[in-house]
Amino acid sequence: MFKSAWYYNLLKPPLSPPDWIFPSVWLILYFTIFAAILLYIFKPAENKEIGYIYFTLQLIFNLLWTPAFFYMQNIGLALAVVIVLDIFVFLTIKKFYSVSKLSGLILIPYFIWVLFATYLNMGYFILNA
């Protein structure tokens, strides 16, 4: 996958899950993210543009994290990316919830996982600086 000797030699923060957890969790989360955007799209409402902007930005920052962390091996940059991701996931949830409560609610596990990823990234940053 994306992991190299560099990654396996890093000091890991407490609560670091085993590698096999990540693909399973992300599969479920990507399904819920897709369901949330569909619910948002098909719920009739006015002024939904900002929700689309927040959703797109959180998706971009989600996709940027992997190259920043694994390919560039830049833990600090990855931390900055995941913090911005936290913000845009929160804003997406808030906006989606205002249009479709279910759309916002099903993004909460994603937000919790991203906050956990922020904790892990911060731990890698502190332990391996």
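The values are calculated or read from the model by the stated rules, or taken from the named source; none is laboratory data. Everything quoted here is computed from the prediction, not taken from an experiment. With ideal geometry, Cβ positions are generated from the backbone for all residues, glycine too; neighbour counts draw on all protein chains shown.
Can you pull out the residues in region 60-75 that are in contact (Cβ under 8 Å) with a residue 12 or more places away in the chain and more than 14 Å from the chain's Cα centre (by Cα)? If you could, list the steps in order and put the result at the bottom.
Looking only at region 60-75, we keep the residues that are in contact (Cβ under 8 Å) with a residue 12 or more places away in the chain, and these are 61-62, 64-66, 68-71, 73, 75.
Of everything in region 60-75, those that are in contact (Cβ under 8 Å) with a residue 12 or more places away in the chain and more than 14 Å from the chain's Cα centre (by Cα) turn out to be Phe70, Tyr71, Gln73, Ile75.
Tally up the residues in region 40-49 that are more than 19 Å from the chain's Cα centre (by Cα), surrounded by 13 or more Cβ atoms within 10 Å (Cβ to Cβ) and in a helix (DSSP H, G or I), please.
1
Which of (1) touching a helix residue (DSSP H, G or I) at 6+ places or on another chain (Cβ under 8 Å); (2) surrounded by fewer than 13 Cβ atoms within 10 Å (Cβ to Cβ) is the odd one out, the single condition Tyr71 does not satisfy?
(1)
Among the residues of region 50-68 satisfying the criterion of being closer than 25 Å to Phe96 by Cα and among the polar types (S, T, N, Q), which is surrounded by the fewest Cβ atoms within 10 Å (Cβ to Cβ)? Even if it seems obvious, please write down each step before you answer.
First, pick out the residues of region 50-68 that are closer than 25 Å to Phe96 by Cα: 50-65.
Right, trim to among the polar types (S, T, N, Q) and you get 56, 58, 62.
Details: Thr56: 13, Gln58: 25, Asn62: 21.
Once the filter is applied, the top-ranked residue is Thr56.
Which of (1) exposed (fewer than 14 other Cβ atoms within 10 Å of the Cβ); (2) modelled with pLDDT of 95 or more; (3) closer than 19 Å to Phe116 by Cα; (4) not hydroxyl-bearing (Ser, Thr, Tyr) is the odd one out, the single condition Trp20 does not satisfy?
Single failed check for Trp20: (2).
Go through (1) more than 13 Å from the chain's Cα centre (by Cα); (2) at pLDDT 95 or above; (3) on the phi < 0 side of the Ramachandran plot for Tyr7 and report which single condition fails.
Unmet condition: (2).
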